[in-house]
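What follows is one structure encoded as structure tokens, with my remarks underneath.
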Amino acid sequence: LQEATDALNGFGQMYLSQTMASGVVPQITAVFGTCGGGMAVSAAITDFTFMEEKKGKLFVNSPNTLDSNYTAKCDTASAKFQSEDAGLVDYVGDEASIMEQIRALVSILPANNEDDMSYDECTDDLNRVCEGLEACAGDTALALTLISDNSFFMEMKKMYAPEMVTGFIRLNGTTVGCVANRTEVYSVGEKTASYDGVLTANGCTKAADFVNFCDSFNIPLLTLVNVKGYKADKHSERKIAKAAARLTYAFANATVPKVTVVAGQAYGTAYLTMASKSIGADVVYAWPNASIGMMDGTAAAKIMYAGEIAASDNASALIAQKAAAYNEKQSSAVSAARRGYVDDIIEAADTRKRVIAAFEMLFTKREGRPDKKHGTV
């Protein structure tokens, strides 16, 4: 207060410096105490934010200043709120674990956008077969862990929009950014959570920010697809169109190598948004049991053959017959491959070696784009 506008000017100069450095060097914030007001804006400008779980406080407005709120009711400055509800914090833990995670993150990120020192020697078998990987189509975080060098996987914003996975793995010693749909979570062989397999506004926003970071620092992108549509409720409808547009734009705008693996369902425009061939994926693989099309075969049959079904004496059998035919002709991995939307159908167990080979092929990728200041989405 004593410094008044001089203090404000200091904040402004810091914001400008951070903005100029954004996309040039990775920026990381660690919150161990109080980070309020203008400092919270500074933390939000950085690429990754870590927060101490007990003493850390992150807020623009103190919880007690919010109408009808107080700290005991809802502590909006807490690590729990900022990681689970606001989505600003990537990792929460004690001081020691935060420092460990920051060291790990720094070790896998490029030094800057031109001098890439993030490569490391791979000590894992490049042709390692990942048996049983098809069982991980729902828990894609587990799938990413299994295909990564020495099972390394660093998930970012794990507590926020958990139906969308974002994080880093290593493939042949190279850091790869990963985006994946998640429909279930397993821990020690037990299912601990399940999700609908749809795109949500928060999930799309989370993924779009991550894709933009990877593109800025020339980090290749791997996408695992298992999505059947968009979340459908009144609250989601307020944001979902713009959020899905942002994610679509981020994938389409990225010029880094992009490899996509369809692991489960891939329906409608939600599938297009998830780094499909249509919006610029360089290589698209599909597992044999993947479904790619407008919608589930049963739902499609009910719409397309509504008249026949209504007049049938055995509607369920007719629906099953029509659905099977539709799935074969319009919604199978083979059907998509025949049309050129999938480059190859691969066994799930071979995903690691096939994805490594694809990124090896794309290592020298260069892509020209129209000259412009920036996009507007």
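The values are calculated or read from the model by the stated rules, or taken from the named source; none is laboratory data. Keep in mind that this is a model prediction, so the values were computed, not measured. Positions of Cβ are backbone-derived with ideal geometry, glycine not excepted, and every protein chain shown enters the neighbour counts. Heavy atoms of the whole protein, side chains included, go into the accessibility calculation; ligands, DNA and RNA do not. Shrake-Rupley method; radii C 1.70, N 1.55, O 1.52, S 1.80 Å.
Kindly indicate whether D6 is closer than 30 Å to I169 by Cβ and of a type in the set (D, E). For D6, the condition - closer than 30 Å to I169 by Cβ and of a type in the set (D, E) - is not met. Looking only at the range 343-357, decide whether some residue is of a type outside the set (A, V, I, L, M, F, W, C) and over 19 Å from A137 (Cα atoms). Yes, the range 343-357 contains at least one residue that is of a type outside the set (A, V, I, L, M, F, W, C) and over 19 Å from A137 (Cα atoms).
Per-residue answers, yes or no, for (1) among the acidic types (D, E); (2) within 30 Å of F32 (Cβ to Cβ):
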| position | (1), (2) |
| --- | --- |
| S83 | no, yes |
| D90 | yes, yes |
| E114 | yes, no |
| D120 | yes, yes |
| D125 | yes, no |
| G132 | no, no |
| L142 | no, no |
| I147 | no, no |
| M154 | no, yes |
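Would you please name the residue that is farthest from G138 (Cα to Cα), looking only at residues in the range 234-257 that are touching a helix residue (DSSP H, G or I) at 6+ places or on another chain (Cβ under 7 Å) and not in a helix (DSSP H, G or I)? Only one residue tops the list, namely T255. For the range 312-341, a residue qualifies if it is open to solvent by 50 Å² or more (accessible area, probe 1.4 Å) and of a type in the set (S, T, N, Q), and the qualifying residues are N314, S316, Q321, N327, Q330. Against the list (1) closer than 21 Å to T166 by Cα; (2) open to solvent by 60 Å² or more (accessible area, probe 1.4 Å), the condition A86 fails is (2).
In the range 354-367, the residues that are surrounded by 18 or more Cβ atoms within 10 Å (Cβ to Cβ) form no Cβ pair under 7 Å with any partner that is of a type in the set (K, R), whether six or more places apart or across chains. Within the range 103-129, the set of residues being of a type in the set (A, V, I, L, M, F, W, C) and either under 22 Å from A358 (Cβ atoms) or touching a strand residue (DSSP E or B) at 6+ places or on another chain (Cβ under 8 Å) (or both) comprises A104, L105, V106, I108, L109, C122, L126, V129. Filtered by the rule that a residue be open to solvent by 70 Å² or more (accessible area, probe 1.4 Å) and touching a residue at least 40 places away in the same chain (Cβ under 8 Å), the range 100-120 gives V106, Y119, D120.
Okay, residues lined up against (1) farther than 24 Å from F50 by Cβ; (2) under 19 Å from the mean Cα position of the chain (by Cα); (3) open to solvent by less than 60 Å² (accessible area, probe 1.4 Å):
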{"position": "C122", "(1), (2), (3)": "yes, no, yes"}
{"position": "C130", "(1), (2), (3)": "yes, no, yes"}
{"position": "L133", "(1), (2), (3)": "yes, no, yes"}
{"position": "D139", "(1), (2), (3)": "yes, yes, yes"}
{"position": "T145", "(1), (2), (3)": "no, yes, yes"}
{"position": "S148", "(1), (2), (3)": "no, yes, yes"}
{"position": "F153", "(1), (2), (3)": "no, yes, yes"}
{"position": "M159", "(1), (2), (3)": "no, yes, no"}
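Listed conditions (1) touching a residue at least 40 places away in the same chain (Cβ under 8 Å); (2) surrounded by 15 or more Cβ atoms within 10 Å (Cβ to Cβ) are all met by A44, apart from (2). Among residues of the range 170-219 being of a type outside the set (S, T, N, Q), open to solvent by 30 Å² or more (accessible area, probe 1.4 Å) and in a helix (DSSP H, G or I), the one that is farthest from T260 (Cα to Cα) is D209. Pairs meeting the criteria (first residue in the range 122-146 and on the phi > 0 side of the Ramachandran plot, second residue open to solvent by 10 Å² or more (accessible area, probe 1.4 Å), beta carbons under 9 Å, at least 6 apart or on different chains) are G132/L146; G132/A349. Among the residues of the range 267-298, those identified as under 15 Å from K329 (Cα atoms) and either among the small types (G, A, S) or in a helix (DSSP H, G or I) (or both) are A290, S291, G293, G297, T298. Of all residue pairs spaced 6 or more apart or on separate chains, those with beta-carbon atoms under 7 Å, a first member in the range 317-343 that is on the phi < 0 side of the Ramachandran plot and a second member that is β-branched (V, I, T) and open to solvent by 50 Å² or more (accessible area, probe 1.4 Å) are I319/T298; A323/T298; A333/I345; V334/I345; A337/I345.
Residues that are open to solvent by 20 Å² or more (accessible area, probe 1.4 Å) and in contact with a Leu (Cβ under 8 Å, 6 or more places away or on another chain) were ranked within the range 16-37; the one that is farthest from P63 (Cα to Cα) is P26. Among the residues of the range 299-311, those that are of a type in the set (A, V, I, L, M) and either open to solvent by 30 Å² or more (accessible area, probe 1.4 Å) or in a loop (DSSP other than H, G, I, E, B) (or both) comprise A299, I303, M304, A306, A310, A311.
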